[in-house]
Amino acid sequence: MYDFKPPYFGSAYYPEAWDRSQIDEDLDLMVSHGLNAVRIAEFAWSNMEPEDGKFDFSLFREVVDKCRARGISVIMCTPSATPPSWMEHRYPEIMLQPNGMHPCTHGLRRVSCPTNPRYRAYCRRIVEEMAKEFGNDENIIGWQIDNEISVISRGGDCACPSCTAAWHDWLRRRYGDVKALNDAWGNYTWSMDFSSIDEVDTPHPTHAFNPSHRMAWAAFENDMYADFCNEQIDILHRYTKAPVGTDMMPTQQFDFEEANEKTDILEINHYSGPAFFSMYGDFLRNMKNRPFWVTETSACWNGGNQPNAPRRKGFCAANSLFPFALGGEANFYWLFRSHYAGWEQMHGSVVDSWGREMQMADEIREVARSLDKLRPMLEGTRPVQSGIAVEYAAKPHYLQMYISMTNSPCDYRSYIMHNVHAPLVAAHYRPDVIHAGTDLSPYRVLITAQHYTIEESGFTDRILPWVENGGTWVVGPLSDVLTPEGRKYKNAPYGHLEDWANVRRAFYMPAPRKEDGVAHDIAMPPLTSLVGEGGETYTTIPMTYDALVPGEGVKTLATYAEGGDDYLPGYAAITETRVGRGRIILLGTQLDAESYGRFIGKVLAECGMAPLADGSPNVQNSLLDGAYGKVFTAFECTGRAAGNTVVPFGGSDILTGKTYRAG
């Protein structure tokens with residue numbers, strides 16, 4: 001009767017929190033809103049295993065069966081984020097124990113230690129029992145492992161006995177002996193060198209640690225949590241053919257590349273709206289050879305124990321449909337019926353705690369009707385690769401958390417999003433955002449910015465052959481300046497770029513901050529602008545300035561202008577080096593969004609690459625193609641102002657039937 005195929009449009013649902021007699025009413029309300037999917041069970045361990053070894057899946061069996069009868073698809077979630085109270089009190093050793101602090105206590109999520117063998121055994125058991133019960137249900141379209149795992153743990157870094165032992169074993173596997181560890185971390189200042197690997201503490205949440213120590217701990221935590229997830233994935237793969245993923249927040253707090261090595265599908269949770277999500281849609285669609293799922297987003301506002309800002313009319317529709325234009329096939333709200341107690345009572349929802357419709361109910365129904373019209377298109381197209389890639393990886397994120405080479409706060413994720421990706425989409429390009437291990441062969445232009453290290457996933461072995469074969473690599477600023485362990489290179493300011501680009505960095509300057517001048521009662525130099533080879537002016541942002549000296553045959557594309565820092569005028573700020581049939585364009589400083597858009601647009605034009613369309617910068621476009629035909633999309637993503645776009649080819653609007661001519 002039902003095919004349980006995408007597009008999936010649904011919400012998270014927590015029947016364990018409500019009277020069981022309410023299930024029919026809730027599912028009928030979902031259908032009346034046009035929803036065709038739910039996520040269930042992610043925090044329901046105590047309901048499914050109320051006593052040690054006594055399993056009761058009757059509630060979720062009822063929900064799954066009643067969903068099937070209504071044509072509702074289900075994502076089944078493993079509940080390992082919230083062990084029952086009986087377990088956490090009987091075995092307190094399973095709780096995270098931050099260094100120098102009290103162990104975490106029952107009542108929050110993700111506060112159990114991923115290395116504790118008893119906790120892991122209980123996780124394996126509940127997952128296997130769930131897989132036996134639900135592994136072959138036709139309307140269970142997929143599985144979610146745990147919930148929003150982050151290596152930036154709640155309450156600090158775990159120092160329990162099992163974590164400490166696992167940490168020391170991990171260090172031995174990675175470095176072999178303590179001398180190699182001391183050398184890699186540069187532990188020869190402040191008498192930081194260890195005489196035994198067993199002396200290497202787990203980091204204390206409030207103490208200063210060598211950045212290399214912190215970097216190693218972050219890598220260890222990533223490995224431990226990946227192993228924790230993979231164990232559950234392996235169990236599910238034995239019992240079900242449905243795809244398995246783990247829902248992740250849009251950060252690099254858990255390395256996307258490592259976390260999803262064994263998953264079948266990418267699952268993402270986001271709450272900031274379509275303009276924010278844009279970069280993540282461009283990232284997620286490239287990690288697996290299949291569409292991604294948005295497993296959580298807001299239908300109106302989000303929040304916790306207090307609400308945050310409301311959204312304007314139209315937000316819900318744009319936020320719900322935009323992921324499908326970027327390569328997604330599912331969008332789930334968090335949550336269906338708002339909580340009446342406990343955490344996150346004030347979070348927005350599809351219906352309120354009393355079952356009454358929220359103000360955007362008609363928008364939700366309109367999204368459902370739109371997805372029905374778009375179904376053939378979504379089944380028959382995929383986003384077209386533009387040939388442009390922006391690199392976004394985990395190690396640079398961690399490095400910038402633990403050692404910053406700028407004089408002003410700069411968040412790596414925000415930087416890539418607002419200073420690199422946003423100018424591209426504002427100019428109506430649709431780049432792919434890729435991790436360090438991605439195959440570069442489909443791309444003609446690669447942008448690598450603020451990647452303190454480029455030594456991950458074999459990137460340094462693959463980048464030069466790609467450039468020599470015709471690629472344009474736009475790299476910098478603040479790239480290739482630290483080892484993966486988080487220390488400077490001993491013999492040069494860059495690990496590889498001086499040799500590869502035939503450019504010498506004479507010196508670098510941190511950008512000035514007004515507050516520094518006030519604090520120290522000294523004059524701060526103004527920000528330094530650039531002058532391009534054609535006389536054009538580029539504005540910089542307060543980050544850092546590399547004074548570059550090009551070698552023979554290297555072209556200077558921009559120099560530092562007079563009127564800024566006293567030491568910089570006359571030095572090259574952007575250079576171009578021909579390497580084989582390609583080129584390396586090295587940026588010694590960061591341009592503001594408008595200047596970067598102009599500069600990168602010029603680079604792309606030189607490569608023969610044109611934007612998808614002309615139009616307002618607040619309108620984002622995508623292009624899809626396949627058996628269905630060619631499809632062009634346009635979204636105003638900010639809600640701040642009306643926008644326009646020039647249609648690049650003739651056709652009819654799938655949603656309205658209106659006919660358009662090219663231009």
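The values are calculated or read from the model by the stated rules, or taken from the named source; none is laboratory data. What you are looking at is a predicted structure, and each value in this text was computed from that prediction instead of being measured. Please note: Cβ atoms are built from the backbone with ideal geometry, for glycine as well, and neighbour counts cover all protein chains shown. Surface accessibility is based on the protein's heavy atoms, side chains included, excluding ligands, DNA and RNA. Shrake-Rupley method; radii C 1.70, N 1.55, O 1.52, S 1.80 Å.
Which one, A642, F507, F57, projects farthest toward the positive side of the charge dipole computed for the chain from Cβ point charges (K/R +1, D/E -1)?
Of the candidates, A642 comes out farthest on the positive side.
Over the stretch 142-258, what per residue volume does the convex hull of the Cα atoms give, in whole Å³?
Roughly 122 Å³ of hull volume per residue.
State to the nearest 20 debye the size of the charge dipole of the chain about its Cα centre, where the only charges are +1 on K and R beta carbons and -1 on D and E beta carbons.
1240 debye
Considering only H451, C410, V425, whose Cα is most displaced toward the positive end of the charge dipole of the stretch 406-469, charges sitting on Cβ of Lys, Arg (+1) and Asp, Glu (-1)?
V425
Using the Kirkwood radius over Cα pairs, work out the Stokes-Einstein diffusion coefficient for the stretch 1-104 at 4 °C and 1.567 mPa s, in µm²/s as a whole number.
In µm²/s, the coefficient rounds to 84.
Dividing the alpha-carbon Rg of the stretch 70-146 by 2.2 N^0.38 Å yields what?
Taking the Cα Rg and dividing by 2.2 N^0.38 Å, one obtains 1.31.
Where the accessible area of the chain is counted over protein heavy atoms with a 1.4 Å probe, how much of it, in %, is carbon and sulfur?
50 percent
Between the alpha-carbon centers of the stretch 225-280 and the stretch 367-409, tell me the distance in whole angstrom.
Cα centres, the stretch 225-280 to the stretch 367-409: 14 Å.
I'd like to check one number: the per residue accessible area of the chain, probe 1.4 Å, reported in Å² as a whole number.
40 Å²
For a paramagnetic label modelled at 7 Å from the Cα of F55 toward its Cβ, which residues of the stretch 125-146 fall within the zone defined by backbone nitrogen distances under 11 Å?
It comes to 125-135, nothing else.
Using 0.36 nm per residue of separation minus the Cα-Cα distance, give me the extension gain between E562 and M346 in nm, one decimal.
72.4 nm is the gain from fully extending E562 to M346.
In debye, nearest 20, what is the charge dipole magnitude of the stretch 386-466 about its Cα centre with +1 on Lys and Arg Cβ and -1 on Asp and Glu Cβ, if you could check?
Roughly 180 debye, rounded to the nearest 20.
If you add up the charges near L623, with Lys and Arg at +1 and Asp and Glu at -1, over every other residue whose beta carbon is less than 9 angstrom from its beta carbon, what do you get?
+1
Viscosity 0.890 mPa s, temperature 25 °C: give me the Stokes-Einstein translational D for the chain in µm²/s, with Rh taken as the Kirkwood radius over C-alpha pairs.
Answer from the Stokes-Einstein relation: 92 µm²/s.
Please compare each pair in K373/K658; K5/K132; K5/K241; K54/K132; K313/K658 to a cut-off of 18 Å on the Cα-Cα distance and tell me which ones are over it.
Correct reply: K5/K132; K313/K658.
Only four residue types carry charge here, +1 at the Cβ of Lys and Arg and -1 at the Cβ of Asp and Glu. Report the dipole size of the stretch 2-47 about the Cα centre in Debye, rounded to the nearest 20.
220 debye
Can you give me the long-range amide H partners of G476? Hydrogens built in the peptide plane at 1.01 Å from N, cutoff under 5 Å, separation of 5 or more residues or another chain.
Sorted by chain and number, the residues that satisfy this are T448, A449, Q450, H451, L587.
So, R0 is 30 Å and r is the distance between the beta-carbons of I654 and Q385; what FRET efficiency does that work out to, to 0.05?
Efficiency at R0 = 30 Å is approximately 0.85.
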